[in-house]
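The values are calculated or read from the model by the stated rules, or taken from the named source; none is laboratory data. Worth saying up front: this structure is predicted, and the values here are computed from it rather than measured. Every residue, glycine among them, receives a Cβ derived from its backbone with ideal geometry; neighbour counts consider all protein chains shown. Surface accessibility is based on the protein's heavy atoms, side chains included, excluding ligands, DNA and RNA. Shrake-Rupley method; radii C 1.70, N 1.55, O 1.52, S 1.80 Å.
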Amino acid sequence: MVKRRSKKRTHAGANNPATPAAVNGHANSRDPKSMVIRIGAGEVGTSISQLATDVRRVMEPGTATRLKERKGNRLRDYVTMCGPLGVTHLLLFSRSESGNTNLRLAVAPRGPTFHFRVEKYSLTKDIRRAQRHPLGGGKEYITPPLLVMNNFSSPSADANSKVPRHLESLTTTAFQSLFPPINPQTTPLKSIRRILLLNREESDDGTFIVNFRHYAITTKAVGLSKPLRRLNAAEKMLKSKKGKKGGLPNLGKLKDISEFMIGGEDGEGYMTDGTSGSEPDTDAEVEVLETVAKRVQSSKTRATEQDSDDEEAGANDNVERRAVKLVELGPRMRLRMTKVEEGICSGKVMWHEYVHKTKDEIKELEKRWEQRKREKEARKKQQKENVEKKRKAKAGNKKAGGEQDDDEMDVDEYDSDMYGDDGFDSEGLEGDAEEQVNARLEKNGEWEDEEQEIAKGRSSKKKYLKR
């Protein structure tokens, strides 16, 4: 008997972590999740569609990256699915009739909603095109970005300011809740790969403008000359499984390795960061521990090394100095807050940039909202009573021997706005047309033939409709 082949190449044990927490140190089911949606997907245009796609990349991994909107979808459909899917934030892009691009940040399920006007924006592809060495998409999007917020609360703000203090606090809380919190004691350093910078511009005219920037964090070894960095990179490339010969330096025209280290025949000595011809490193330098695997040594060898290093106590050979550099990924946005309201896009206005109300007008609006609230509660109570009444009537009919279709859905039990008022059934017949067709068939004595056709999967009702 032929031995069955075991698939080792495609079913090899992957080096994946057992839990998401092993990747970023804080991933769990309670992390915030978001949906970036285009309201009026067929009307916003290609640029706004691409901007929404770029913002989804920023919000990864806690967002619906492959969300497909339809023209028939409404905001109510997305809000309804926030609960079952665990979505906590909605970012809604839309375009007004005048051509303005708007962004709404809604906190699900009960609000508030922040309205922003996108005054300026740049797509990710435009930023990559302007860079000399753009950073490709790698493992940066596996973990959420580090949120950095600047100047969101001004010390001189109070309750009577143009931008009141409670509004600043509310906006800060809303943006902070977009991403999971970071615990410095448990979060590994390698999980922080991106930075989302939100900078509020200082202004005295009552405007709230936020600049949106997205960067990737890159590090580079400090204290090594350019030739040594090239040799170090070539050595790591050769040791990796995907080694490339193109990454090796070309030493074919040199007589000795020293010529490569001093910069060729015209070199003036050992090259450093200042004499290597490259730009000086002006970025911040930090000390990190090298994650290099070492051979396990015996206890005797470790004791010998410990005795020899008594004079250098406290020094750590694994500490490496690296320069931190930020590379912009995009997109860029300049957001101007115009309105804040309660609920999800349908509530009482808490703050407006252009419309200001007097105390009497505010009291009048409060009375209107209270009246609407009472009417809404009354409608819910009446609807609940109607549902209970129909359930009791249905139970009484069953006890009396009346036949009742158990599969019939009570529309009043759900929201009647979800269903149209056209009255068409599943076969396209309006109102009681289906009953009329059945009565006509029975009167003409053709109902038995109709039953046979139904059993075969056919129907002749359409013929009678044409008559």
Point to revise | Number of positions in region 29-51 that are under 10 Å from the mean Cα position of the chain (by Cα) and either hydrophobic (A, V, I, L, M, F, W, C) or open to solvent by less than 50 Å² (accessible area, probe 1.4 Å) (or both) | key: 4
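Can you name every residue in region 209-235 that is of a type in the set (Val, Ile, Thr) and touching a Ser or Thr at 6+ places or on another chain (Cβ under 8 Å)? Walk me through it before giving the result.
Just the residues of region 209-235 that are of a type in the set (Val, Ile, Thr), to begin with: 209-210, 217-219, 222.
Of everything in region 209-235, just one residue is of a type in the set (Val, Ile, Thr) and touching a Ser or Thr at 6+ places or on another chain (Cβ under 8 Å), namely ILE209.
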Practice item. Taking the residues in region 31-56 that are touching a Lys or Arg at 6+ places or on another chain (Cβ under 7 Å) and modelled with pLDDT of 90 or more as candidates, determine which candidate is farthest from ILE127 (Cα to Cα). Key: VAL36
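Which one of these is more than 19 Å from MET337 (Cβ to Cβ) and without any contact (Cβ under 8 Å) to a residue 60 or more places away in the chain: ARG165, ARG110, ARG132?
Numbers: ARG165 fails: more than 19 Å from MET337 (Cβ to Cβ); ARG110 fails: without any contact (Cβ under 8 Å) to a residue 60 or more places away in the chain.
None of the others qualify; the one that does is ARG132.
Just checking, which of LYS399, LYS394, LYS389, LYS373 is at pLDDT 85 or above, open to solvent by 100 Å² or more (accessible area, probe 1.4 Å) and either farther than 30 Å from GLY206 by Cα or out of contact with any Lys or Arg (no Cβ under 6 Å at 6 or more places or on another chain) (or both)? Please lay out each step first, then the result.
Numbers: LYS399 fails: at pLDDT 85 or above; LYS394 fails: open to solvent by 100 Å² or more (accessible area, probe 1.4 Å); LYS373 fails: at pLDDT 85 or above.
The match here is LYS389.
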**Study point:** Hey, ARG110 open to solvent by 20 Å² or more (accessible area, probe 1.4 Å) and at pLDDT 90 or above or not
**Key:** no
Revision key, fill the gap. Out of (1) in a helix (DSSP H, G or I); (2) farther than 30 Å from VAL79 by Cβ, the one ASN160 does not meet is (1)
Study note, to complete from the structure: Taking region 180-201 and keeping only residues that are under 23 Å from VAL107 (Cα atoms) and touching a helix residue (DSSP H, G or I) at 6+ places or on another chain (Cβ under 8 Å), one is left with LEU196, LEU198
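Take the conditions open to solvent by less than 50 Å² (accessible area, probe 1.4 Å), farther than 15 Å from LYS325 by Cα, of a type in the set (Ser, Thr, Tyr) and part of a loop (DSSP other than H, G, I, E, B) and apply them to THR172. Does it pass? Show your work before the answer.
Working: open to solvent by less than 50 Å² (accessible area, probe 1.4 Å): yes; farther than 15 Å from LYS325 by Cα: yes; of a type in the set (Ser, Thr, Tyr): yes; part of a loop (DSSP other than H, G, I, E, B): no.
Spelling it out, it is not the case that THR172 is open to solvent by less than 50 Å² (accessible area, probe 1.4 Å), farther than 15 Å from LYS325 by Cα, of a type in the set (Ser, Thr, Tyr) and part of a loop (DSSP other than H, G, I, E, B).
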Point to revise | Evaluation of SER153 against (1) without any contact (Cβ under 8 Å) to a residue 12 or more places away in the chain; (2) hydroxyl-bearing (Ser, Thr, Tyr); (3) open to solvent by 50 Å² or more (accessible area, probe 1.4 Å) (one fails), failing number | key: (1)
Exercise for review: Scan region 338-355 for residues that are polar (S, T, N, Q) and open to solvent by less than 50 Å² (accessible area, probe 1.4 Å) and jot them down.
Suggested key: THR338
Check your understanding: Within the set of pairs 6+ apart or on separate chains, which have a first residue in region 73-87 that is among the acidic types (Asp, Glu) and open to solvent by 70 Å² or more (accessible area, probe 1.4 Å), a second that is assigned to a helix (DSSP H, G or I) and at pLDDT 90 or above, and C-beta atoms under 7 Å apart?
Key -> none
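Need a quick list: strands (runs of 3 or more DSSP E) entirely within region 33-145 having at least 2 residues that are under 30 Å from PRO188 (Cβ atoms) and among the aliphatic types (A, V, I, L, M). I'd like the intermediate steps shown before the answer.
Values: elements: 34-38, 89-95, 101-107, 113-122.
Of the strands (runs of 3 or more DSSP E) lying wholly inside region 33-145, those with at least 2 residues that are under 30 Å from PRO188 (Cβ atoms) and among the aliphatic types (A, V, I, L, M) span 34-38, 101-107.
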Exercise for review: May I ask you to list the residues in region 199-211 that are out of contact with any Leu (no Cβ under 6 Å at 6 or more places or on another chain) and either within 26 Å of VAL324 (Cβ to Cβ) or assigned to a loop (DSSP other than H, G, I, E, B) (or both)?
Suggested key: ASN199, ARG200, GLU201, GLU202, SER203, ASP204, ASP205, GLY206, THR207, PHE208, ASN211
Revision key, fill the gap. In region 218-230, anything assigned to a strand (DSSP E or B) and open to solvent by 50 Å² or more (accessible area, probe 1.4 Å) is listed as THR219, LYS220
Check your understanding: Within region 177-188, can one find any residue that is crowded, with 16+ Cβ neighbours inside 10 Å, of a type in the set (Val, Ile, Thr) and free of Cβ contacts under 8 Å to residues at least 60 places away in the same chain?
Key -> no
Study note, to complete from the structure: So, first residue farther than 22 Å from LYS348 by Cβ in region 365-390, second residue surrounded by 11 or more Cβ atoms within 10 Å (Cβ to Cβ) and modelled with pLDDT under 90, Cβ within less than 8 Å, six or more apart or across chains; the pairs are GLN383/ASP412; ASN386/ASP412; VAL387/ASP410; VAL387/ASP412; VAL387/GLU413; LYS390/ASP410; LYS390/ASP412
